[in-house]
Amino acid sequence: MKELKVKNMHCESCAKIIQMELEESGYINKIISVELTNPQNNIGVVKFKDLDQNEIEKAKAVIQKAGEYVVLN
Amino acid sequence: MNFEKKDISETTYYVQGMHCASCEVLIEKKMLKQKGVKTVEASTKKGELRVEFAGKKLRTNELNQIFKGDHYSFSTEPIIGEESKLFKYDSDGKLLINQDKLSNLLYILGISLLLIIGYILLSNSGLSSLITVNSTSSLPAFFIFGLLAGVSSCAALVGGIVLSMSKQWSEIYGSNDSFGNRIQPNILFNIGRLLSFLILGGVLGSIGKLFNLSLAFTSILTIAVSVMMLALALQMLGVKAFQKFQVTTPKFISRYVANEDNFKGRYMPFMMGALTFFLPCGFTITAQGLALTSGNIMTGALIMFFFALGTLPMLALIGISATEFTKRPHLSAKFLKIAGVLVFFFALYNINAQLNVLGLSSFSDLSTNVSKKQDTQISDNSDLPEIVDGKQVLKIVATSSGYTPNYLKVRAGIPVRWEIEDKGTSGCTNAIISNSLFEGQIALTPGETSVKEFTPEKPGKYKFSCWMGMVSGVIEVISSEGSSNAITINSDSNEVVPSGAKGCGCGGGGSCGGTQN
């Protein structure tokens, strides 16, 4: 399992936007969950099933393009 | 596919449930995927969605189906629903009353009023006078003492904090999370509270009289916390100016306390629970005083631990109620509003009590019909006390709910002998203070009469109260010139217990929650 920590997610709508963008980019069968885990600090986590390095980098780009989100790891 | 201009139509929908820019983005993205949608513009501020359709328009029930699960609802008419204003003017200038919102408001006010009245009745019921404790009381006695505290002043202060934090804590876990996860902030709050009472109770027992917080300090601290509670209450009541108010520890503290990634914001409830040791209600100060006078680290620790354990059921009930109500979306909005009213009341209640302790004007003055210390004219002397053996004799009865009478008059410059019959005080009412008239406090013992002698020098109105300021009264000192109606009697009465207002070195409270050893 791979987790990406994302900053600037401030509500559930952000989680839904990120999920939508990832699903449209081909990750529909690889996403486990997208959750806002730390609302106070606007941080969420995207959990994937196993991804290779290319897929991870592509996912990061999709997330960052979806809005003013920053992948922290 | 090209469309002629005549095939393009614009429709405006009214949307409920949008609260931020992300909502706008989410709606726009989803709409752009729908067949026939050319352009989309969502506005949270206006609550509107403008859509250009190339072809067939979407009906509102189709939109509601598309966005089912996203908690948005669509209409072609301005929505007068839960989130709209109570009063609104339609396009003809006619006043419209939002019936849904009005009935919700009445429901919220009604429930809040019932709970507040219930709390006041319980506090004044005299239940708290059923049990008194001293430093040799058994640990179960302190547990019961804590149970009583949990349904009176502790509920107002600590319970108020739990309620006011419920909204923030519910955001840590989504409403779909398990009960075990959602209750974690409350569990951590109570664990923090129990541990701090145990450890700091031991500290009190070991250092005894060296540990002395002034009454003024605890009063000011309680006022500061109550002001914070007011801000949180206004947030819960939906006042826009307070929507961004958050209670957090400063970054430089949180960084050292815990790695935030690991705790995910959970450390804060634990710390808040631990810090409630420094926000004592009257019962807590009594227990702290007894822990101090125990002079033993283990005894002090166990006294405070069992007391805190006694407050746990009520605090846990408040916490669980808050957790369960916030889980149910259709109830959480109402619960937050009711909680907001209760927190607002508790905050004002606490502030009023501390203003009494500090001797300042407060809402209590409305019932005793006084103002701040001021010069008075010579008034009607018919209600001045008798002078016995050269002293003005005042007599009152003190109970857990107040003093009878609570408005007294004396002459300036003539010694006063104040006899206070205790007919059932407990908690903070086991002592009387009046910083403007005399130093220290008058310790009271149920079933006995305490005496305080002092000489008021300056005319004015002086407040006296229990040391938590929950109940109060006034002594009006008038100029002795022209008081020719004084009656002087000699008496040899020796039947009263002298007051022992030495102060025990505890946090402003008395060492005597009950009978002396």
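The values are calculated or read from the model by the stated rules, or taken from the named source; none is laboratory data. These numbers come from a predicted model, not from an experiment. Positions of Cβ are generated from backbone atoms using ideal geometry, with glycine treated the same way; all protein chains shown enter the neighbour counts. For the accessible areas, the whole protein counts, side chains as well, though only heavy atoms, and no ligand, DNA or RNA atoms are used. Shrake-Rupley method; radii C 1.70, N 1.55, O 1.52, S 1.80 Å.
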Fill in: Projected label distance in nm at residue B:8 and residue B:44, using a 7 Å step from Cα toward the beta-carbon
2.9 nm
Worksheet item: How long is the gain from residue B:109 to residue B:76 if the chain were fully straight, where each residue apart is worth 0.36 nm and the alpha carbon distance is subtracted?
Response: 8.7 nm
Discussion item. Leaving ligands and nucleic acids out of the surface, order B:242, B:464 by accessible area at 1.4 Å, largest first.
Written reply: B:242, B:464
Worksheet item: Based on the Cα atoms of the stretch B:5-79, what semi-axes does the equivalent ellipsoid have, where each is the square root of 5 times one gyration tensor eigenvalue, given in whole Å with the largest first?
Response: 19, 12, 12
Discussion item. Please report the accessible area of residue B:62 (heavy atoms, 1.4 Å probe, ligands and nucleic acids excluded) in Å², nearest 10.
Written reply: 50 Å²
Worksheet entry | Spatial separation of Cα centroids for the stretch B:17-32 and the stretch B:386-416, in angstrom | 70 Å
Worksheet entry | Number of partner chain Cβ atoms within 10 Å, mean per residue of A:10-22 | 5
Item to complete: Enter the accessible area of residue B:389 (Å², nearest 10), with the probe set to 1.4 Å and all protein chains included.
Response: 80 Å²
Discussion item. For a quick check: with amide H placed at 1.01 Å from N, whose amide H comes under 5 Å from residue B:476's, ignoring anything fewer than 5 positions away on the same chain?
Written reply: B:408, B:409, B:410, B:462
Worksheet entry | Solvent exposure of the stretch B:5-79 as accessible area per residue, Å², 1.4 Å probe | 58 Å²
Practice prompt. Compute the signed sum of charges (Lys and Arg +1, Asp and Glu -1) over the other residues within less than 10 Å, Cβ to Cβ, of residue B:456.
Written response: 0
Practice prompt. Would you mind pulling out the separation of the Cα centroids of the stretch A:4-26 and the stretch A:41-73, in Å?
Written response: 8 Å
Worksheet item: Ignoring ligands and nucleic acids, what accessible area does residue B:195 show with a 1.4 Å probe (Å², nearest 10)?
Response: 80 Å²
Response to the item:
Violations at 25 Å Cα threshold for listed pairs B:30/B:56; A:5/B:334; B:35/B:101 -> A:5/B:334; B:35/B:101
Worksheet entry | Test item: A:36-43 mean partner chain Cβ contacts at 10 Å | 5
Worksheet item: If you rank B:41, A:55 by how much accessible surface each has, with a 1.4 Å probe, what is the order from largest down?
Response: B:41, A:55
Worksheet item: Can you give the Kirkwood hydrodynamic radius for chain A, in Å, rounded to one decimal and based on Cα pairs?
Response: 11.7 Å
Fill in: Listed residues A:68, B:448 arranged by accessible area, highest first, probe 1.4 Å
A:68, B:448
